[in-house]
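The values are calculated or read from the model by the stated rules, or taken from the named source; none is laboratory data. What you see is a predicted model, and the numbers here were worked out from it, not measured in a lab. Ideal geometry is used to build each Cβ from the backbone, glycine not excepted, and the neighbour counts take in all protein chains shown. Keep in mind that these areas ignore ligands, DNA and RNA; they rest on the heavy atoms of the full protein, side chains included. Shrake-Rupley method; radii C 1.70, N 1.55, O 1.52, S 1.80 Å.
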Amino acid sequence: MNLNSYDHVIPIGSNCRIGMALRDLGIRKMAFPLDWTLTTSKSVYNCFEDSFQNFLNRESCIEQNLKNIVDFPHVQNIKYNVNITHEPRIDDASIEKYNRKVQNLKNVLHDSKNILLIRNMLDCEILDVLHKDIAKREIEKGTSHFDLQWIYKTKDLLQSRYTNLNVDLLVIYFDEKNLISNKRQDVFYETSSVPKVGKEWDRYACIDILRRFL
């Protein structure tokens, strides 16, 4: 796998660390809707299945701040169960921004020959308050935050929908808490030896992994 061989590398959660790592390495070409979000595996599939319709608007989203736990205003898409973490409010500017990101993604999927989806599973213990928030809602629906079947289905969905597009998938996971029991031959899996120390350790772990493939 060589990151430079892909037309685009597309982060698909579960948090913003892949987007940060691509930016830090200087290989982030454009902005996509899931770059700065918190997602469950199923929410990723639902977004792609629905072509990100109503991803950020006043009908499908609410403004949320879990002040009793952490003072961090953000937008929550209640249709897809996505925390749009770095967007503090729903206004015309934020709606327009995410409409551009969605259109970027649609253009890339339509025009590209080779793309790589990357799913970060390093946050295996869901220590982040906002991650716990969406994971709780997923559990209430009877599905798991870490069910990779929905990520595999996302890959397969795009492969079938865009017949001229080659879709590869990289799953990054934490080795000591390996929750992956259903690995597939057509998926790349990588982990890192970066120690789990500090708030942004997984950001540096993602950089460590992606740098190997430049």
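What is the extension gain from ASN2 to GLN185, computed as 0.36 nm multiplied by their sequence separation minus the C-alpha to C-alpha distance, in nm to one decimal?
On the way: separation 183, 0.36 × 183 = 65.88 nm, distance 1.75 nm.
Using 0.36 nm per residue and subtracting the Cα-Cα distance, I get 64.1 nm.
Could the peptides 198-206, 135-143, 22-30 be put in order, highest first, of the mean number of other beta-carbon atoms found within 10 Å of their residues?
Per-residue Cβ counts within 10 Å, averaged per peptide and sorted highest first, yield 198-206, 22-30, 135-143.
Can you list the lysines whose alpha carbon sits under 17 Å from that of LYS79, skipping same-chain ones fewer than 8 residues off?
LYS42, LYS136, LYS141
Given charges of +1 on the Cβ of Lys and Arg and -1 on the Cβ of Asp and Glu, with all other atoms neutral, how large is the dipole of the stretch 1-69 about its Cα centre, in debye to the nearest 20?
Result for the stretch 1-69 is approximately 240 debye, rounded to the nearest 20.
Normalized C-alpha radius of gyration of the stretch 147-214, against 2.2 N^0.38 Å?
For the stretch 147-214, the normalised Cα radius of gyration comes out at 1.28.
Just going by the charge dipole of the chain, with Lys and Arg at +1 and Asp and Glu at -1 on Cβ, which of ILE78, ASN114, PHE48 is farthest out on the positive end?
Farthest along the dipole direction, towards plus: ASN114.
Work out how much length ARG58 to ILE78 would gain on full extension: take 0.36 nm times their residue separation and subtract the Cα-Cα distance, in nm to one decimal.
6.1 nm
Going 7 Å from the Cα of GLU200 along its beta-carbon direction, which residues of the stretch 1-23 have the amide nitrogen within less than 20 Å of the resulting point?
Those under the cut-off are 11-23.
Return the equivalent ellipsoid semi-axes of the stretch 1-149 as a descending list in whole Å, where each equals the square root of 5 times an eigenvalue of the C-alpha gyration tensor.
24, 18, 15
Is the shape of the stretch 17-79 rounded, prolate or oblate, going by the alpha carbon gyration tensor and its root eigenvalues a ≥ b ≥ c, with a/c under 1.5 for rounded and a/b larger than b/c for prolate? Please list the in-between numbers first.
On the way: a/c = 2.13, a/b = 1.23, b/c = 1.73.
Since a/c reaches 1.5 but b/c is at least a/b, the shape of the stretch 17-79 is classed as oblate.
Which percent of the accessible area of the chain is formed by carbon and sulfur heavy atoms (probe 1.4 angstrom)?
47 percent
At 1.4 Å probe size, with every protein chain present, just tell me what the per residue accessible area of the chain comes to in Å².
Numbers: 10060 Å² over 214 residues.
Spelled out: the 1.4 Å probe surface of the chain, per residue, equals 47 Å².
According to a simple spin-label model (label point 7 Å from Cα along Cα-to-Cβ), what is the distance in nm between ASP71 and ALA31?
2.6 nm
Compute, for the stretch 1-138, the length of the dipole vector about the Cα centre, with Cβ point charges of +1 (Lys, Arg) and -1 (Asp, Glu) only. Units Debye, rounded to 20.
I would put it at about 200 debye.
For the stretch 43-94, max minus min Cα coordinate along each principal axis, in Å, sorted largest first?
Principal extents (largest minus smallest coordinate, Cα): 34, 23, 16 Å.
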